[in-house]
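The values are calculated or read from the model by the stated rules, or taken from the named source; none is laboratory data. All values derive from a computational prediction rather than experimental measurement. Cβ coordinates were reconstructed from backbone atoms using ideal geometry, including for glycine residues, and neighbour counts include every protein chain displayed. Protein only, heavy atoms only, side chains kept; ligands, DNA and RNA dropped before computing areas. Shrake-Rupley method; radii C 1.70, N 1.55, O 1.52, S 1.80 Å.
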Amino acid sequence: MPQGHQIGIKRLDEASTETDKMEIVGSVIAVSGIGISADTIDDTEYGILEDNFRKYTYGMKDVSEIGLTVRYRKGNPERTAQADKIQQSFMDEVLESIQLIFPAPISKIWTMDCVVSGFELPTEKDGKIDRVLKIKPSGAPAITNVV
């Protein structure tokens, strides 16, 4: 699993006092599965093949399931609450609005609605809490530049 210790994660919290209503969940220490793919559709016009090769066109696009290990300090009620809310979204079957913030040289923010597709119970070591979250983006992510 690649390191992700400089990637930030936020979630939309309507109760937030932040202008954008996005609250920090924790520090991402490991990330996997960030990618976008597309189905392919056979577009071959049979009967007029000149080179005996199939032709393809694009089908539906999909953002892969993303695995995140998020860390925050024990005794940080704000971050614990945000992580708990993501976990509760799984139980309540509601979408979460999540931001992943990638530092330079990528310098991008991915904002997306997500299904929380899984989680592991939090573990503590040396005053730090780790949570493993799995999210499956629903629809296209909005990709913007970090300002």
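Structural remarks
- With DNA, RNA and ligands ignored, accessible area of residue 111 (1.4 Å probe; Å², nearest 10): 40
- With respect to the chain, whose longest principal axis is taken over its alpha-carbon atoms, helix 77-92 is tilted by about 50°.
- Computed over the Cα atoms of segment 1-116, pair by distinct pair, the Kirkwood hydrodynamic radius stands at 16.7 angstrom.
- Between the C-alpha center of segment 17-45 and that of segment 65-82 there is a gap of 18 Å.
- For segment 37-77, dividing the convex hull volume of the Cα atoms by the residue count gives 79 Å³ per residue.
- A 1.4 Å probe run over the protein chains yields, for the chain, 64 Å² of accessible area per residue, whole-number rounding.
- For residue 26, the amide hydrogen comes within under 5 Å of the amide hydrogens of 9, counting only partners 5 or more places away or on other chains and with H modelled in the peptide plane.
- Spacing of the two label points (7 Å from each Cα toward its C-beta) at residue 46 and residue 144, in nm: 4.9
- The loop-placed chymotrypsin sites (Phe, Trp or Tyr not before Pro) in segment 1-87, going by DSSP, that have at most 15 neighbouring Cβ atoms within 10 Å of their Cβ come out as 46, 53.
- Using a probe radius of 1.4 angstrom, the carbon and sulfur fraction of the accessible surface of the chain is 53%.
- Across all directions, the average projected area of the convex hull around the alpha carbons of segment 52-103 is 7.1 nm².
- Local electrostatic count at residue 26 - Lys and Arg +1, Asp and Glu -1, tallied over other residues with Cβ under 11 Å: +4
- Nearby aspartates and glutamates by direct alpha-carbon distance to residue 55 (threshold 17 angstrom, same-chain neighbours under 8 apart not counted): 39, 42, 43, 45
- Karplus 3J(HN,Hα) series, Hz, for segment 122-136 with 6.51 cos²θ - 1.76 cosθ + 1.60 (x for Gly, Pro): x, 10, 10, 8, 6, x, 10, 10, 10, 10, 9, 10, 10, 10, 10
- Mean ellipticity per residue at 222 nm, deg cm²/dmol - from DSSP H runs of n ≥ 4 across the chain, formula -39500 (n - 2.57): -3500 deg cm²/dmol
- Straight-distance crosslink candidates among aspartates and glutamates, where the alpha carbon sits under 16 Å from residue 85 and sequence neighbours closer than 8 are dropped: 13, 14, 23, 93, 96, 113, 120, 130
- DSSP loop trypsin sites (Lys or Arg not before Pro) with at most 16 other Cβ within 10 Å excluded, longest remaining stretch of the chain: 75-147
- Calculated on alpha-carbon atoms, Rg and Dmax of segment 1-62 in Å: 21.8, 64
- Taking GluC sites (Glu not before Pro) as exposed when their DSSP state is a loop state and no more than 12 other Cβ atoms lie within 10 Å, the longest site-free interval of the chain runs over 94-147.
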